[in-house]
Amino acid sequence: QVQLVESGGGLVQPGESLRLSCAASHNIFSSYLMGWYRQAPGKQRQLVATITSGGSTNYADSVKGRFTISRDNAKNTVYLQMNSLKPEDTAVYYCNAYRWTGDYWGQGTQVTVSS
(Lines give C-alpha, C1' and ligand atoms only; values in the text may rest on other atoms or scores of the structure.)
Protein backbone atom coordinates (compact mmCIF):
# COMPACT_ATOMS: atom_id res chain seq x y z
CA GLN A 1 0.00 0.00 0.00
CA VAL A 2 1.22 3.48 -0.90
CA GLN A 3 0.07 6.70 0.73
CA LEU A 4 0.58 10.01 -1.06
CA VAL A 5 0.11 13.36 0.66
CA GLU A 6 0.11 16.59 -1.34
CA SER A 7 0.78 20.04 0.05
CA GLY A 8 1.69 23.52 -1.11
CA GLY A 9 -1.49 24.69 -2.78
CA GLY A 10 -3.00 28.09 -2.23
CA LEU A 11 -4.27 31.33 -3.68
CA VAL A 12 -1.87 33.33 -5.85
CA GLN A 13 -2.08 36.13 -8.38
CA PRO A 14 -1.40 35.64 -12.09
CA GLY A 15 2.31 35.52 -12.81
CA GLU A 16 3.26 34.24 -9.37
CA SER A 17 4.74 30.88 -8.44
CA LEU A 18 3.90 27.91 -6.23
CA ARG A 19 5.68 24.67 -5.41
CA LEU A 20 3.59 21.60 -4.73
CA SER A 21 4.96 18.64 -2.79
CA CYS A 22 3.87 15.01 -2.78
CA ALA A 23 5.25 12.92 0.06
CA ALA A 24 5.14 9.15 -0.42
CA SER A 25 4.85 6.77 2.52
CA HIS A 26 8.00 4.94 1.47
CA ASN A 27 10.59 4.76 -1.29
CA ILE A 28 8.67 3.89 -4.45
CA PHE A 29 10.38 6.00 -7.07
CA SER A 30 12.49 3.14 -8.42
CA SER A 31 9.39 1.18 -9.43
CA TYR A 32 6.64 3.74 -10.05
CA LEU A 33 5.96 6.38 -12.64
CA MET A 34 5.16 9.52 -10.64
CA GLY A 35 2.84 12.15 -11.98
CA TRP A 36 0.86 15.28 -11.27
CA TYR A 37 -2.69 15.65 -12.56
CA ARG A 38 -5.22 18.42 -12.18
CA GLN A 39 -8.98 18.75 -12.31
CA ALA A 40 -10.79 22.03 -12.78
CA PRO A 41 -14.48 22.42 -11.87
CA GLY A 42 -16.69 20.75 -14.45
CA LYS A 43 -13.74 19.28 -16.34
CA GLN A 44 -12.04 15.91 -16.57
CA ARG A 45 -8.84 15.20 -14.72
CA GLN A 46 -5.86 15.85 -16.98
CA LEU A 47 -2.19 14.96 -16.93
CA VAL A 48 0.17 17.80 -16.03
CA ALA A 49 3.59 16.17 -15.75
CA THR A 50 5.30 12.84 -15.16
CA ILE A 51 8.73 11.64 -14.09
CA THR A 52 9.98 8.11 -14.67
CA SER A 53 12.12 5.99 -12.39
CA GLY A 54 15.03 6.97 -14.62
CA GLY A 55 14.30 10.65 -14.25
CA SER A 56 12.81 11.35 -17.67
CA THR A 57 10.10 13.98 -17.62
CA ASN A 58 7.05 14.74 -19.71
CA TYR A 59 4.70 17.74 -19.67
CA ALA A 60 1.33 18.75 -20.99
CA ASP A 61 1.67 21.34 -23.75
CA SER A 62 -0.22 23.87 -21.64
CA VAL A 63 2.45 23.90 -18.92
CA LYS A 64 5.68 23.34 -20.89
CA GLY A 65 8.26 25.96 -20.05
CA ARG A 66 6.39 27.05 -16.90
CA PHE A 67 6.15 23.91 -14.73
CA THR A 68 8.94 21.59 -13.61
CA ILE A 69 8.52 18.17 -12.02
CA SER A 70 11.34 16.83 -9.86
CA ARG A 71 11.90 14.47 -6.98
CA ASP A 72 14.06 14.02 -3.90
CA ASN A 73 14.69 10.32 -3.41
CA ALA A 74 16.05 10.81 0.11
CA LYS A 75 12.80 12.51 1.16
CA ASN A 76 10.47 10.26 -0.87
CA THR A 77 8.98 13.48 -2.25
CA VAL A 78 7.97 14.63 -5.71
CA TYR A 79 7.65 18.34 -6.47
CA LEU A 80 5.86 20.44 -9.02
CA GLN A 81 7.35 23.89 -9.41
CA MET A 82 4.79 26.13 -11.08
CA ASN A 83 5.91 29.49 -12.44
CA SER A 84 4.09 32.19 -14.39
CA LEU A 85 0.77 30.90 -13.15
CA LYS A 86 -2.36 31.72 -15.11
CA PRO A 87 -6.03 31.75 -14.10
CA GLU A 88 -6.55 28.67 -16.26
CA ASP A 89 -4.15 26.75 -14.01
CA THR A 90 -6.78 26.92 -11.27
CA ALA A 91 -7.64 23.34 -10.27
CA VAL A 92 -7.24 20.66 -7.67
CA TYR A 93 -3.83 19.09 -8.21
CA TYR A 94 -3.35 15.39 -7.53
CA CYS A 95 -0.24 13.28 -7.15
CA ASN A 96 -0.24 9.81 -8.74
CA ALA A 97 2.00 6.77 -8.47
CA TYR A 98 1.57 4.26 -11.29
CA ARG A 99 2.89 0.86 -12.25
CA TRP A 100 1.41 -2.11 -14.10
CA THR A 101 -0.09 -3.57 -10.91
CA GLY A 102 -2.15 -0.49 -10.23
CA ASP A 103 -1.92 3.10 -9.12
CA TYR A 104 -2.39 5.33 -6.09
CA TRP A 105 -3.71 8.86 -5.69
CA GLY A 106 -3.28 11.56 -3.11
CA GLN A 107 -6.15 13.59 -1.70
CA GLY A 108 -5.39 16.65 -3.82
CA THR A 109 -4.42 20.23 -3.10
CA GLN A 110 -6.29 23.30 -4.35
CA VAL A 111 -4.49 25.86 -6.51
CA THR A 112 -6.34 29.08 -7.27
CA VAL A 113 -4.89 31.74 -9.55
CA SER A 114 -6.86 34.96 -9.37
CA SER A 115 -6.34 38.68 -9.18
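Our coupling estimate for segment 57-69, obtained by passing each phi through the Karplus curve with A = 6.51, B = -1.76, C = 1.60 and θ = phi - 60°, is 10, 8, 9, 5, 4, 5, 10, 4, x, 10, 10, 9, 9 Hz, Gly and Pro reported as x.
The modelled label-to-label distance for the pair SER30/ASN83, using points 7 Å beyond Cα in the direction of Cβ, is 3.3 nm.
Computed in the context of the full set of protein chains, the accessible area of the chain at 1.4 Å probe radius has 46% of its extent on carbon or sulfur. Its convex hull of Cα atoms gives the chain a direction-averaged projected area, equal to a quarter of the hull surface, of 6.8 nm². Taking trypsin sites (Lys or Arg not before Pro) as exposed when their DSSP state is a loop state and no more than 11 other Cβ atoms lie within 10 Å, the longest site-free interval of the chain runs over 65-115. Charges were assigned to the Cβ only: +1 to each Lys and Arg, -1 to each Asp and Glu. The resulting dipole of the chain about its Cα centre is roughly 80 debye.
Couplings for segment 8-22, taken from phi via the Karplus curve 6.51 cos²θ - 1.76 cosθ + 1.60 with θ = phi - 60°, read x, x, x, 9, 9, 8, x, x, 7, 10, 9, 10, 8, 10, 10 Hz in order; Gly and Pro are left as x. Going 7 Å from the Cα of TRP100 in the Cα-to-Cβ direction, what parts of segment 46-63 have a backbone nitrogen less than 18 Å from that spot? Those under the cut-off are 52-54. The relative contact order of the chain comes to 37 percent, based on Cα pairs under 8 Å that sit 6 or more residues apart. The mean accessible area for residues of the chain, using a 1.4 Å probe and ignoring ligands and nucleic acids, is 53 Å² per residue.
The values are calculated or read from the model by the stated rules, or taken from the named source; none is laboratory data. Just so you know, these numbers come straight off a predicted model, no measurement behind them. Here the Cβ is made from the backbone with ideal geometry for all residues, glycine too, and neighbour counts use every protein chain on show. Keep in mind that these areas ignore ligands, DNA and RNA; they rest on the heavy atoms of the full protein, side chains included. Shrake-Rupley method; radii C 1.70, N 1.55, O 1.52, S 1.80 Å.
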